Amino acid sequence: MAKRCQSCGMPLSKDPMRGGSEADGALSTMYCSFCYDKGAFLHPDFNVAEMQDFCIAQLTSKGMPKVMAWLLTRDIPKLARWRGQ
């Protein structure tokens with residue numbers, strides 16, 4: 001199974017950068033470049049529901065049907081960033 005971003009759930013293999021970056025410039029193996037850069041989250045104030053809404057909006061803006069976007073984002077609460085919220 002492909003590794004997924006532990007913030008948004010996107011397969012890291014689909015990330016054009018293959019992952020976000022750590023503070024030291026190293027490639028993040030946990031988070032994608034759309035969520036994480038230079039060791040920090042790009043949307044640090046998002047809660048899990050806001051992340052799901054954001055991801056659905058991004059996917060539908062690229063032409064994906066809303067139902068399919070919802071299906072792809074329904075497991076976001078189970079990802080490492082959101083556990084315990």
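The values are calculated or read from the model by the stated rules, or taken from the named source; none is laboratory data. All values derive from a computational prediction rather than experimental measurement. FYI the Cβ positions are ideal-geometry reconstructions off the backbone, even for glycines, and counts take in every protein chain you see. SASA here: full protein model, heavy atoms, side chains in, ligands and nucleic acids out. Shrake-Rupley method; radii C 1.70, N 1.55, O 1.52, S 1.80 Å.
A few points about this structure:
- Qualifying positions in the stretch 1-11 - surrounded by 13 or more Cβ atoms within 10 Å (Cβ to Cβ), touching a helix residue (DSSP H, G or I) at 6+ places or on another chain (Cβ under 7 Å) and of a type in the set (A, V, I, L, M, F, W, C): 5, 8
- Checked against the criterion of being in a loop (DSSP other than H, G, I, E, B), open to solvent by 80 Å² or more (accessible area, probe 1.4 Å) and modelled with pLDDT under 95, the stretch 54-68 has no qualifying residue.
- Pairs linking a residue in the stretch 12-40 that is open to solvent by less than 100 Å² (accessible area, probe 1.4 Å) to a residue that is outside any loop (DSSP other than H, G, I, E, B) and aliphatic (A, V, I, L, M), with Cβ atoms under 7 Å and 6 or more positions apart or on different chains, are 19/12; 19/27; 21/27; 32/12.
- Residues being at pLDDT 95 or above and either assigned to a helix (DSSP H, G or I) or touching a helix residue (DSSP H, G or I) at 6+ places or on another chain (Cβ under 7 Å) (or both) - total across the stretch 69-85: 9
- Output for the stretch 41-53, where each listed residue is open to solvent by 80 Å² or more (accessible area, probe 1.4 Å) and either assigned to a loop (DSSP other than H, G, I, E, B) or of a type in the set (Phe, Trp, Tyr) (or both): 42, 44, 45
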